[in-house]
Amino acid sequence: MYYDPILENHGMRYNPFKALVTPRPIGWISTLDKSGNANLAPYSFFNAVAADPPYVVFGVGGHNEERPRKDSAVNAEETGEFVVNIVGLAHADQMNRTAHWVDPGVDEFEFAGLEKEPSVKVAVPRVKGAPAHLECIYDRTVLLPSRIDGFPNSVVFGRVVGVHIDDSVINEDGRVDVLLYRPVARMGYLDYTSIGQLIQLEKYQI
Ligand SMILES: Cc1cc2nc3c(=O)[nH]c(=O)nc-3n(C[C@H](O)[C@H](O)[C@H](O)COP(=O)(O)O)c2cc1C
């Protein structure tokens, strides 16, 4: 089958696009608003896009006349900081809970029963107990057109300035062992996956 994503003429019950680009890592983004209220929300349009120095992005969409722009983007732009909390399987339900649409200023850490811990280089708190955290300085926002005029999608870039890794997820070889925390990733629809198996491939030689 073939369809045009603007026409959405796929004839399927649900838009299949997000089921095709999978699994998507989840950036669990914490921010502070201008008044210092903490905010936390998951973004699966998320990835690392450079390593030296490291940069990450998260993509924010879905706003319109009724719904204002999402707090994570507004806060990152206004305060210049955010933290990416890595989601292990133990936090899957609480991560999901922080996606609830709550009024700006509502602290989703408290809403989801999560504790905070301070960061080193940014004022934004981290999710206590997450296997790793990336402290980020806001870099820029790239606006992409959406189908609703005047409400573009935002791709928020941040430079990673500090990295926390819980000692419990570093194995005896000195490697981060994802099997010790089982990162959660988003599939399509309401489906998620969690890494429980690894395969190794030989390095490609030219
Ligand atoms: C696993 C998961 C991934 C999500 N990914 C995105 C995303 O990539 N972009 C987006 O705009 N919303 C995404 N959402 C929805 C936001 O988390 C939700 O709209 C949230 O209320 C935004 O909170 P904020 O206004 O505090 O930033 C996702 C939700 C879940 C549960």
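Readers should treat all values here as calculations from the given coordinates under stated rules, not as data from a laboratory. As the structure is a computational prediction, the values presented were derived from the model and not from experiment. Positions of Cβ are generated from backbone atoms using ideal geometry, with glycine treated the same way; all protein chains shown enter the neighbour counts.
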Give the cross-link partners of K70 among the aspartates and glutamates, using a straight C-alpha distance below 19 Å as the criterion and excluding same-chain residues fewer than 8 apart. D33, E78, E81, D103, D107, E108, E110, D139, D149
Contact order relative to length for the chain, counting C-alpha pairs under 8 Å separated by 6 or more residues, stands in percent at 23 percent
For the range 131-141, Karplus couplings with θ = phi - 60° (6.51, -1.76, 1.60), whole Hz, Gly/Pro x: x, 7, 9, 10, 7, 10, 9, 4, 9, 6, 10
Ranking V156, V142, V178 by Cβ neighbours within 10 Å, fewest first, what do you get? V142, V178, V156
Tally Lys and Arg at +1 and Asp and Glu at -1 over the other residues with C-beta under 13 Å from the C-beta of R69: what net charge comes out? -4
Residue exposure sequence - I26, I199 - by fewest surrounding Cβ within 10 Å: I199, I26
Indicate the gyration tensor shape class of the range 162-202 (rounded, prolate or oblate), computed on the Cα atoms with a ≥ b ≥ c the square roots of the eigenvalues: a/c under 1.5 is rounded; otherwise a/b larger than b/c is prolate and the rest oblate. oblate
Report, in whole Å, the centroid distance computed from the Cα atoms of the range 82-108 and the range 150-174. 15 Å
Placing one equal point scatterer on each C-alpha of the chain and summing with Debye, one gets log10 I(q)/I(0) at q = 0.07, 0.14, 0.19 Å⁻¹ equal to -0.23, -0.89, -1.50
Springs between alpha-carbon pairs under 10 angstrom, Gaussian network model over the chain: which of V176, V56, V122 fluctuates most? V176
For the chain, calculated [θ]222 nm from helices alone, where every DSSP H run of n ≥ 4 adds -39500 (n - 2.57): -2500 deg cm²/dmol
